[in-house]
Ligand code: ADP
Ligand code: GLC
């Protein structure tokens, strides 16, 4: 089957979060299952673009309202990622480093959707399935089915995967002229709450809708940033498929980012060496349990609770632990986390920013990983942590619920709590500190964690079954 993934991010070309990891791994594993998986994404100006060789495969043009755009599709020449990677350049819109966060993101991503649809409409055959990811690709299904120029694509099976329903990409109807000429009777398929809502539109138009964990799918019927009724109405075509992780990229035995490679057999020793390096680099004490947080410093991740939870833990649990934070996001939280470095010397340190290498070193060297997320559609960090023998401490929500079993339950290997509150986080840290004193149990649990296989094989196959059900 020929599968075309349409996405804003794809690791290692460009990554802002877990979407990049998924788009960089799922097609690889689908290819290994014998399918032809391809990815198309915007031509962000990242190092990967400059470091690799590209062929130009198509040139085209389109109008978007009063704008006229030339676009170019390039393809990575050596199949470096294990699948065909295509990038779309649209003059003036993607000659930037960051994936999102610009004032003209509506124009950038609407144009991306038009260019992709236009390009596919020029193929001399039809793809087996078009798989769009999140709102950044959300207008593609509508355009394939309703825009006059592309209606010969209307029968192509389309799947939407929702990685995060908090972000929907909505914009006002005053920009409706951006959508290429379409059957205006169908305007309702673009609309949600009097705006053009790319995510809602994709939910309406896709033949199947998936979320990245079954629990998140259930939660969306109750809390979906305004789309609850739509999920209820469309529930017949919605299903949750848990993300996997790329066991080739995230492998403590071969990871080139970490100081000392290790396997399940020598996990205690390997982790100790990696922890020593981290503690030396960040002025922390190797004898104490090391708690890490890696992620976007935003409300969804409950990042603003971290400063108080860290202070409370240091003071009320008698400084029996160390903390290391890596993240970026809300400037207020960033400032607080930076300022704490001087008041909690020897107990706490942080790096504000994005650092792929340090993230690997932290998964390898930490003892516990904190994820107090309010919303976590799947979460990959907890699965990376497990692979490196680091115990996840998670709030029971979304994918965290589906991937972490509490140590108090049979077969458990993590710590779970219910509320995104300082109290619940601090109590969980206390449980972890107590557990850490029991060296024998920690060794057993480490082996259990590393032995878990969260690889992509099973879920990659489940997507194929889903495509087959609509082909
Ligand atoms: P989300 O996509 O919601 O941010 P995920 O858990 O799915 O959450 O994925 C986050 C990914 O981004 C992981 O690969 C994590 O290691 C990485 N990551 C997040 N913040 C940083 C950072 N500051 N530096 C390096 N990697 C980061
Ligand atoms: C989103 C979600 C995260 C998920 C990731 C990959 O960014 O916030 O929970 O793991 O997508 O699907």
Rounded to the nearest 5, the percent of DSSP beta bridges in the chain running antiparallel is 30
Per-residue ellipticity at 222 nm attributable to helices in the chain (runs of n ≥ 4 DSSP H, -39500 (n - 2.57) apiece, nearest 500 deg cm²/dmol) works out to -11000 deg cm²/dmol
Relative contact order of segment 264-450 (C-alpha contacts under 8 Å, at least 6 apart) in percent is 24
Longest principal axis of the chain (C-alpha) makes with the long axis of helix 331-343 (C-alpha) an angle, in degrees to the nearest 10, of 20
So residue 66 and residue 235, fully extended at 0.36 nm per residue minus their Cα-Cα distance, gain in nm 57.0 nm
For the chain, the longest principal axis of the Cα atoms and the Cα long axis of helix 306-316 enclose an angle in degrees, to the nearest 10, of 10
Taking a ≥ b ≥ c as the square roots of the Cα gyration tensor eigenvalues, with a/c under 1.5 meaning rounded and otherwise prolate when a/b beats b/c or oblate if not, segment 221-319 comes out oblate
Applying the gyration tensor rule to the Cα atoms of segment 264-450 (axes a ≥ b ≥ c; rounded if a/c under 1.5, else prolate if a/b exceeds b/c, else oblate), the class is rounded
Nearest 10, in degrees from 0 to 90: the angle of helix 267-282 to the longest Cα principal axis of the chain is 90
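Values in this text are rule-based calculations from the coordinates and carry no lab data. Just so you know, these numbers come straight off a predicted model, no measurement behind them.
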